[in-house]
Amino acid sequence: MLPEQQDILWTFVTLLFTVFSILVFINVIKNCRARPGVNAQKWGIVFGAFILLSLYQTNEMFSLNQQEQLGYVGNQVLTVFFILLTWGIFFKGENIESQSPPLIRVAFFYSTISILLAGYTNWLPQQRSDPPPKAVAFTGEVTMEEYADMGKVIVFGAKQVAGQKSIGKGQCPLCHTFDPGDNIGRCPNLFGVEERSHTRIKEDRYLNSPIAIGEKDGPSGIIKGKPDEIPEEYRRDGSPDLIGEDYLRESLMCPSCYVVVSYGKAGDTVSPMPLIHKPPISLSKFELNSVITWLQAKDTPGEFSKVTVPLPSPDDTASEEPAVDGGEAPIFATGTETPEEIVNLMGCPLCHTIPGVEGAVGELGPKLHEKINAPNRIKDARYEGSAKTTQEYVRESILNPSAYVVMNEEEGELFPDGVMPADFGSKLSINALNKLVEFISNTEESGS
Ligand code: HEC
Ligand code: HEC
């Protein structure tokens with residue numbers, strides 16, 4: 001998650017709380033005026049103080065990012081609780097009986113608000129006000145910080161949507177995590193990867209497995225460990241000696257050149273990671289380099305001494321389409337797309353091989369042959385979901401991947417649970433979901 005983001009919902013709630021404290025103040029003053037015996041000054045000060053406290057908290061709320069807002073909102077709830085309590089004491093203590101007890105009316109008010117809020121939360125897709133991390137002009141000079149920021153946008157996207165992982169053009173967060181201790185299973189956490197990049201290239205495993213330095217990797221056509229033989233349009237200038245940066249570039253362009261222990265297939269000789277410079281992700285040199293810049297800089301915020309990627313020259317960038325569109329829409333399929341477009345938009349091909357979808361040769365999840373697979377899954381003794389038909393099974397798999405975890409027959413173990421994103425429900429309209437389910441339900445091995 002990009003740290004600088006705020007949440008529309010919490011910002012809205014915080015304003016609501018302040019409005020509420022003002023309403024209570026007005027109510028109290030009215031009641032004081034209507035009754036001569038009541039000490040209006042005392043109560044005015046008490047409830048006026050609540051307004052000030054609410055204003056203070058609202059102001060705090062505006063200075064926090066989304067994560068912190070979530071923690072801080074508890075303080076405000078506490079304040080509202082005390083306002084309610086004091087309000088109740090005011091009514092009881094001053095023996096104002098003419099009105100229904102305010103607590104009851106307030107409870108009613110709050111449940112109405114809660115229902116509205118719940119409705120709002122489910123309203124799709126929810127857009128956060130999110131300043132794109134500096135949409136940088138692509139012509140002319142670029143600073144190292146801006147270059148790393150571009151990489152970050154390619155990884156996480158410029159926009160965030162509530163309840164969704166933020167995922168940019170590079171699609172990395174579909175599989176990877178970036179913070180210490182945050183692991184989702186079958187893909188390495190990329191925290192500390194800059195440091196690792198220097199040691200990896202000295203490992204015996206790097207020198208010999210699954211191919212030796214100087215050998216050519218089949219799927220990518222890359223010669224391992226030879227930075228000066230990388231395809232010209234992606235090559236770095238400078239010495240042909242292998243450095244950390246080359247390991248990172250190779251990780252992206254030739255994932256199977258080196259496979260992190262226990263994260264590969266076929267005895268850790270094949271990487272399930274897609275080639276980042278080929279479809280469907282297809283990063284350009286400029287984009288790829290900005291991602292490497294970010295990878296090298298991200299573990300030392302504000303410090304760029306580890307970065308070895310040279311800044312792009314204006315010539316490099318002039319020829320390129322702007323890589324990052326600041327106004328990039330959040331990922332959402334409305335249902336007007338073709339099934340293939342939906343599949344590509346959601347990134348299913350990065351993990352699944354899907355017959356009928358060009359370039360869908362992902363290897364992290366099962367091959368989608370659901371016409372035959374789905375009925376077998378439902379019959380499996382391990383199956384505890386609620387689907388009775390192929391369509392229901394596919395729908396369940398998309399909305400709740402953990403309902404049943406598929407067995408990987410080739411590897412003789414379960415596919416990792418928790419790798420397939422669980423938030424597709426919030427990225428698909430009902431129509432789009434129906435279309436997708438229909439399409440995936442009819443996938444079968446070609447030629448059979
Ligand atoms: C479909 C899932 C998937 C996607 C998408 C993906 N990766 Fe990976 N990545 C993996 C897996 C699995 C490995 C471990 C196997 C290997 O070494 O190739 C890996 C390994 C790596 C490594 C080597 C890590 C190490 O500890 O040496 C780097 C660096 C990396 N990925 C960066 C990226 C970046 C940057 C992106 C986005 C541009 C990305 N990956 C997108 C699955 C993915
Ligand atoms: C980041 C990787 C990843 C992405 C992206 C992904 N999946 Fe999955 N998917 C998996 C893994 C891993 C499994 C197996 C584990 C499990 O059953 O939960 C799986 C299981 C499934 C299954 C059950 C397959 C069977 O044969 O029983 C279906 C159906 C499915 N995915 C559909 C989709 C669709 C449709 C999309 C895109 C909207 C998608 N997946 C995106 C990783 C992914």
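The values are calculated or read from the model by the stated rules, or taken from the named source; none is laboratory data. As the structure is a computational prediction, the values presented were derived from the model and not from experiment. When we count neighbours, we look across all protein chains shown, and the Cβ atoms used for this are built from the backbone with ideal geometry, even at glycine.
Consider the stretch 345-360 and keep the residues that are within 9 Å of ligand 2 (Cβ to nearest atom) and in contact with a Pro (Cβ under 9 Å, 6 or more places away or on another chain). The one that is nearest to Leu436 (Cα to Cα) is Met346.
Using the structure shown, decide if Pro366 is in a loop (DSSP other than H, G, I, E, B) and touching a Leu at 6+ places or on another chain (Cβ under 9 Å).
no
One residue is enough: does the stretch 362-371 have a residue meeting the conditions more than 9 Å from ligand 2 (Cβ to nearest atom) and either without any contact (Cβ under 8 Å) to a residue 60 or more places away in the chain or among the hydrophobic types (A, V, I, L, M, F, W, C) (or both)? Looking through the stretch 362-371, none of the residues is more than 9 Å from ligand 2 (Cβ to nearest atom) and either without any contact (Cβ under 8 Å) to a residue 60 or more places away in the chain or among the hydrophobic types (A, V, I, L, M, F, W, C) (or both). When Ser262 is tested against (1) within 16 Å of ligand 2 (Cβ to nearest atom); (2) touching a residue at least 24 places away in the same chain (Cβ under 8 Å); (3) not β-branched (Val, Ile, Thr), only condition (2) is not met.
Does at least one position in the stretch 310-331 carry a residue that is modelled with pLDDT of 85 or more, in the same structural domain as Arg236 (by TED's automatic domain parsing) and not polar (S, T, N, Q)? Walk me through how you get there before you give the answer.
The initial filter retains those residues of the stretch 310-331 that are modelled with pLDDT of 85 or more, namely 310-311.
If we keep only those that are in the same structural domain as Arg236 (by TED's automatic domain parsing) too, we end up with 310-311.
Checking the rest, the ones that are also not polar (S, T, N, Q) come to 310-311.
Checking the stretch 310-331: at least one residue is modelled with pLDDT of 85 or more, in the same structural domain as Arg236 (by TED's automatic domain parsing) and not polar (S, T, N, Q).
Please pick out the residue among Ser251, Ser220, Ser256 that is assigned by TED's automatic domain parsing to the domain that holds Leu295, part of a loop (DSSP other than H, G, I, E, B) and on the phi < 0 side of the Ramachandran plot.
Working: Ser251 fails: part of a loop (DSSP other than H, G, I, E, B); Ser256 fails: part of a loop (DSSP other than H, G, I, E, B).
Every option except Ser220 fails the conditions.
Scan the stretch 151-203 for residues that are within 15 Å of ligand 2 (Cβ to nearest atom), out of contact with any Lys or Arg (no Cβ under 9 Å at 6 or more places or on another chain) and not in a loop (DSSP other than H, G, I, E, B) and the total you get is 1.
Yes/no matrix, rows are residues, columns are (1) more than 16 Å from ligand 1 (Cβ to nearest atom); (2) hydrophobic (A, V, I, L, M, F, W, C); (3) in contact with an Asp or Glu (Cβ under 9 Å, 6 or more places away or on another chain); (4) assigned by TED's automatic domain parsing to the domain that holds Ser429:
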| site | (1), (2), (3), (4) |
| --- | --- |
| Thr353 | no, no, yes, yes |
| Gly359 | no, no, no, yes |
| Asn376 | yes, no, no, yes |
| Ser386 | yes, no, yes, yes |
| Ser397 | yes, no, yes, yes |
| Pro401 | no, no, yes, yes |
